[in-house]
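Participant: Attaching a single structure in structure tokens format; questions to follow.
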Amino acid sequence: MAYTRVQAIADATAPGQPFELIEAEVWGRPCKIFKNAPHSLRELFEESRSGATFLVYEDERYSFEEIYQYSCRIAHLLVHEYGVEKGDRVAISMRNFPEWVMAFNAITSIGAIAVAMNALWQAEEMEFGLTDSGAKVLFADQERIDRMQPFWGDLEINVLTVKADRLLPGMTTLDAALSAIPACAMPDIHPDPDDRATIMYTSGSTGHPKGAISNHRNILSALFSWSVNILDFMEHEGVPPEITPPIPEHQPATLLAVPLFHVTGSHAVMLQCYQIQRKMVSMHKWNPMEAAALIEAEHINSFVGPATMTGDLVEAAKETDRDLSSLERVGGGGAPRAPEQVRSIAATFENAMPGTGWGMTETNAIGTGIGGEDYLNRPASSGRCASVLRLRVVDEDGNELPAGERGELQVTGTSLIEGYWNRPEANAEAFDGNWFKTGDVAYIDEEGYLFIVGRIKDLVIRGGENIGCAEVEAALLAYDHVIEASVYAVPDGRYGEEVGASIYYTQAIDEDHLREFLLQHIAKFKVPRYMAFTDQPLPRIASGKMNKRQLRDEAPDRFLSPQ
């Protein structure tokens with residue numbers, strides 16, 4: 001008889017086993033927690049200290065121990081020079097530099113809260129994030145410093161700069177600040193499992209981004225869940241896992257091409273490296289041909305990215321003569337792949353198989369997972385539920401629906417966030433008791449496979465980035481002569497979805513000038529690629545809301561101007 005996934009998970013999580021699960025509460029919700037997980041991220045970092053290579057960025061290479069030592073000095077700086085205490089917020093806004101990882105480790109190791117700011121934000125968005133979180137200190141690179149110019153005089157915050165030489169008055173370079181701090185131990189401030197660890201901003205269907213709050217246990221449960229998810233592949237081998245796995249020829253290595261300010265980058269890629277002593281090779285900017293070169297040179301065996309990036313990598317693999325045989329897994333998430341891309345990954349790479357999953361910032365990236373032949377047989381599925389979460393699909397009245405019926409997907413469990421920072425009204429709207437309302441329309445089949453088929457929330461998901469339609473509409477309405485604006489998703493072969501907008505105006509609008517205006521208020525990826533202009537009021541449904549479906553379907557091609 002085949003050794004099934006259910007049996008494998010039951011064995012691995014049984015009493016006395018490494019992934020033993022026990023009953024507990026997290027944020028007052030009944031959950032299953034991993035008995036043997038570290039108590040905090042600090043413990044995870046300390047237990048992983050070694051001379052093995054951890055982080056590679058261009059010509060910089062660091063071992064796990066070296067990153068830890070840098071983190072100790074940064075933590076000392078935060079505590080003794082800036083007075084950072086448990087619960088204080090410390091923000092990070094930069095590219096995927098090594099200093100991002102060092103700062104994150106230092107902040108979370110002393111019980112402070114790491115605010116992972118979206119590095120694509122423009123000035124107004126940055127000012128909102130820093131003000132909303134109440135950050136005491138900010139780590140920022142040159143690009144982010146330049147964007148702070150408009151509001152720098154209105155903000156009281158300590159800024160430590162990274163890889164920057166054009167500073168604003170009062171800022172200090174991190175290198176200069178650390179020059180007076182020799183090697184030292186991590187400050188004696190130990191976070192507890194239920195202490196808040198991170199605030200990660202996510203675009204919602206209304207207004208400003210919301211800061212999702214996670215504690216140490218939330219994050220660590222996600223990391224351990226991914227380890228258990230490996231058991232998904234065992235069912236298709238039909239035999240129990242080997243007691244002693246074969247020794248790999250090269251150190252496990254992953255390519256970091258997604259931003260660390262997303263849970264995919266920080267959790268699924270970066271933090272997962274600690275458990276398995278995996279090398280992480282960080283890219284300055286996504287370039288598929290450069291990615292292929294790094295895969296060959298660094299013996300990369302795993303890559304995770306949205307459908308946009310994995311599609312690019314498939315095309316690069318076809319065009320290059322690089323040896324990509326080290327690549328074993330091409331993971332995805334953020335937005336579904338087309339079935340053709342799922343099949344092309346398996347067909348293009350010599351040893352790599354595709355994988356994907358469903359998760360959210362609110363679940364710390366964990367949710368469901370699927371890979372290998374299982375995924376090839378069900379390319380439209382997001383997989384089966386993680387061991388520390390529960391899923392259900394409900395109708396409009398909140399009644400749970402049977403297998404196969406479509407409704408709103410809800411989730412609860414150990415990795416689910418506390419709620420949103422300073423947003424009680426958003427919490428009231430987002431939670432149904434202990435269950436989080438995802439806004440996704442889905443069904444779960446008889447075998448437990450999740451299928452996402454639509455959305456309730458008013459979002460555009462462009463290359464894995466959530467874009468709140470209301471935020472873009474507000475920016476459009478701030479422009480002179482725009483009376484009404486409706487923003488919606490337009491299907492796109494590369495990004496999955498692009499941003500479209502229908503605009504009712506009273507006076508002719510220069511589209512280039514409008515785009516320049518929008519770039520001063522919202523990040524570039526949020527600016528509509530497609531704009532349809534009209535001198536007539538936009539259509540509405542009976543409730544008075546914009547009829548977005550009609551606008552999207554009826555906008556003639558001649559009115560759509562791609563940029």
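Participant: Give Ala253, Ala346, Ala338 a once-over and let me know the one that is in contact with an Asp or Glu (Cβ under 7 Å, 6 or more places away or on another chain) and over 30 Å from Asn434 (Cα atoms).
Facilitator: On the way: Ala346 fails: in contact with an Asp or Glu (Cβ under 7 Å, 6 or more places away or on another chain); Ala338 fails: in contact with an Asp or Glu (Cβ under 7 Å, 6 or more places away or on another chain).
That would be Ala253, the only listed residue that is in contact with an Asp or Glu (Cβ under 7 Å, 6 or more places away or on another chain) and over 30 Å from Asn434 (Cα atoms).
Participant: Hey, another quick one. List pairs: first in the range 113-125 and outside the structural domain of Ser266 (by TED's automatic domain parsing), second small (Gly, Ala, Ser) and part of a strand (DSSP E or B), Cβ under 6 Å, 6+ apart or cross-chain?
Facilitator: Going by the 6 Å Cβ cut-off, the qualifying pairs are Val115/Ala91; Met117/Ala91; Met117/Ser93; Ala119/Ser93.
Participant: Consider only pairs whose beta carbons are under 6 Å apart and that are at least six residues apart or on different chains; among these, list those whose first residue lies in the range 512-541 and is more than 13 Å from Glu473 (Cα to Cα) and whose second residue is in a loop (DSSP other than H, G, I, E, B) and among the small types (Gly, Ala, Ser).
Facilitator: Once the first residue is more than 13 Å from Glu473 (Cα to Cα) and sits in the range 512-541, its partners that are in a loop (DSSP other than H, G, I, E, B) and among the small types (Gly, Ala, Ser) give Ala532/Ala555.
Participant: Tell me, yes or no, whether the range 26-44 has at least one residue that is assigned to a helix (DSSP H, G or I) and free of Cβ contacts under 8 Å to residues at least 12 places away in the same chain. Talk me through it step by step, then tell me what you get.
Facilitator: To start, the set of residues in the range 26-44 that are assigned to a helix (DSSP H, G or I) comprises 41-44.
Now restrict to residues that are free of Cβ contacts under 8 Å to residues at least 12 places away in the same chain: 43.
Among the residues of the range 26-44, at least one is assigned to a helix (DSSP H, G or I) and free of Cβ contacts under 8 Å to residues at least 12 places away in the same chain, which makes the answer yes.
Participant: Among Ala338, Ala307, which is the only one that is buried (at least 22 other Cβ atoms within 10 Å of the Cβ) and either hydrophobic (A, V, I, L, M, F, W, C) or without any contact (Cβ under 8 Å) to a residue 40 or more places away in the chain (or both)?
Facilitator: Values: Ala338 fails: buried (at least 22 other Cβ atoms within 10 Å of the Cβ).
It is Ala307.
Participant: Also: Going through Ser109, Ser179 one at a time, which residue ends up being farther than 17 Å from Asn422 by Cβ and without any contact (Cβ under 8 Å) to a residue 24 or more places away in the chain?
Facilitator: On the way: Ser109 fails: without any contact (Cβ under 8 Å) to a residue 24 or more places away in the chain.
Within the list Ser109, Ser179, the selection yields Ser179.
Participant: Same structure, new question: Within the set of pairs 6+ apart or on separate chains, which have a first residue in the range 424-445 that is loosely packed, with under 14 Cβ neighbours inside 10 Å, a second that is of a type in the set (A, V, I, L, M), and C-beta atoms under 7 Å apart?
Facilitator: Close Cβ pairs satisfying both conditions: Asp445/Ala403.
Here is a yes/no grid of residues against (1) over 28 Å from Pro259 (Cβ atoms); (2) in the same structural domain as Gly305 (by TED's automatic domain parsing); (3) touching a Phe, Trp or Tyr at 6+ places or on another chain (Cβ under 8 Å); (4) modelled with pLDDT of 95 or more:
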| position | (1), (2), (3), (4) |
| --- | --- |
| Pro339 | no, yes, no, no |
| Gly355 | no, yes, yes, no |
| Trp358 | no, yes, no, no |
| Gly413 | no, yes, no, yes |
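Participant: Kindly check whether there is at least one residue in the range 115-124 that is modelled with pLDDT of 95 or more, in contact with a His (Cβ under 6 Å, 6 or more places away or on another chain) and farther than 17 Å from Asn96 by Cα.
Facilitator: no
Participant: Inside the range 162-203, can you point out the residues that are of a type in the set (Val, Ile, Thr) and at pLDDT 95 or above? Before you say what the answer is, go through the steps one by one.
Facilitator: Taking the range 162-203 as the starting set, the residues that turn out to be of a type in the set (Val, Ile, Thr) are 162, 172-173, 181, 189, 198-199, 202.
If the condition is that a residue be of a type in the set (Val, Ile, Thr) and at pLDDT 95 or above, then Val162, Thr172, Thr173, Ile181, Ile189, Thr198, Ile199 are the ones that fit.
Participant: Exactly one condition in (1) within 15 Å of Trp435 (Cα to Cα); (2) surrounded by 14 or more Cβ atoms within 10 Å (Cβ to Cβ) is false for Glu400; which is it?
Facilitator: (2)
Participant: In the range 460-482, which residues are touching a Ser or Thr at 6+ places or on another chain (Cβ under 6 Å), outside any loop (DSSP other than H, G, I, E, B) and surrounded by fewer than 19 Cβ atoms within 10 Å (Cβ to Cβ)?
Facilitator: Residue satisfying the conditions is Ala470 alone.
Participant: At positive phi, surrounded by fewer than 19 Cβ atoms within 10 Å (Cβ to Cβ) and either polar (S, T, N, Q) or over 21 Å from the mean Cα position of the chain (by Cα) (or both), is that true of Gly153? Full working, then the answer.
Facilitator: Working: at positive phi: no; surrounded by fewer than 19 Cβ atoms within 10 Å (Cβ to Cβ): yes; either polar (S, T, N, Q) or over 21 Å from the mean Cα position of the chain (by Cα) (or both): yes.
Criteria not met by Gly153.
Participant: Ok, one more. Does the range 47-80 hold any residues that are among the acidic types (Asp, Glu) and under 24 Å from the mean Cα position of the chain (by Cα), and which are they? Reasoning before the result, please.
Facilitator: Going residue by residue through the range 47-80, those that are among the acidic types (Asp, Glu) are 47, 58-60, 65-66.
Listed by number, the list holds a single entry, Glu58.
Participant: Test each condition in (1) at pLDDT below 85; (2) in a helix (DSSP H, G or I) for Leu518 and report the one that comes out false.
Facilitator: Among (1) at pLDDT below 85; (2) in a helix (DSSP H, G or I), Leu518 violates only (1).
Participant: So Phe451 fits all but one of (1) within 25 Å of Gly500 (Cβ to Cβ); (2) crowded, with 17+ Cβ neighbours inside 10 Å; what number is the exception?
Facilitator: (1)
Participant: Listed residues Ser48, Ser63; which is out of contact with any Gly (no Cβ under 9 Å at 6 or more places or on another chain), in contact (Cβ under 8 Å) with a residue 12 or more places away in the chain and surrounded by 14 or more Cβ atoms within 10 Å (Cβ to Cβ)?
Facilitator: Ser48
Participant: Any idea which residue in the range 90-144 is surrounded by the fewest Cβ atoms within 10 Å (Cβ to Cβ), counting only those that are among the hydroxyl-bearing types (Ser, Thr, Tyr) and over 20 Å from the mean Cα position of the chain (by Cα)?
Facilitator: Applying the filter and picking the extreme gives Thr131.
Participant: Further, regarding this structure: Can you tell me which residue among Ala75, Ala91 is out of contact with any Cys (no Cβ under 7 Å at 6 or more places or on another chain), in a helix (DSSP H, G or I) and either at pLDDT 95 or above or not polar (S, T, N, Q) (or both)?
Facilitator: That would be Ala75, the only listed residue that is out of contact with any Cys (no Cβ under 7 Å at 6 or more places or on another chain), in a helix (DSSP H, G or I) and either at pLDDT 95 or above or not polar (S, T, N, Q) (or both).
Participant: Just to be sure, is Gln17 polar (S, T, N, Q) and not in a loop (DSSP other than H, G, I, E, B)? Write out each step before concluding.
Facilitator: On the way: polar (S, T, N, Q): yes; not in a loop (DSSP other than H, G, I, E, B): no.
No; evaluated as a whole, the condition is false for this residue.
Participant: Need the failing condition index for Ala485 against (1) in a strand (DSSP E or B); (2) under 30 Å from Leu416 (Cβ atoms); (3) of a type in the set (A, V, I, L, M, F, W, C); (4) in contact with a helix residue (DSSP H, G or I) (Cβ under 6 Å, 6 or more places away or on another chain), just the number.
Facilitator: It fails just one condition, (2).
Participant: Continuing with this model, one more query. Quick one: which residue in Phe54, Phe19 is surrounded by 14 or more Cβ atoms within 10 Å (Cβ to Cβ), at pLDDT 95 or above, among the aromatic types (Phe, Trp, Tyr) and over 24 Å from Leu138 (Cα atoms)?
Facilitator: Working: Phe19 fails: at pLDDT 95 or above.
The match here is Phe54.
Participant: Another question, if that's okay. Glu99 - would you say it is over 23 Å from Leu41 (Cβ atoms), in the same structural domain as Asp195 (by TED's automatic domain parsing) and in a helix (DSSP H, G or I)? Talk me through it step by step, then tell me what you get.
Facilitator: Details: over 23 Å from Leu41 (Cβ atoms): no; in the same structural domain as Asp195 (by TED's automatic domain parsing): yes; in a helix (DSSP H, G or I): yes.
No: the conditions fail for Glu99.
Participant: Please tell me if Asn427 is farther than 15 Å from Gly359 by Cβ and of a type in the set (S, T, N, Q). Before you say what the answer is, go through the steps one by one.
Facilitator: Values: farther than 15 Å from Gly359 by Cβ: yes; of a type in the set (S, T, N, Q): yes.
Judged against the criteria, Asn427 is a match.
The values are calculated or read from the model by the stated rules, or taken from the named source; none is laboratory data. Values in this document were obtained by computation on a predicted structure and should not be read as measured data. Because the Cβ atoms are built from the backbone with ideal geometry, glycine has one as well, and the counts that use them run over all protein chains shown.
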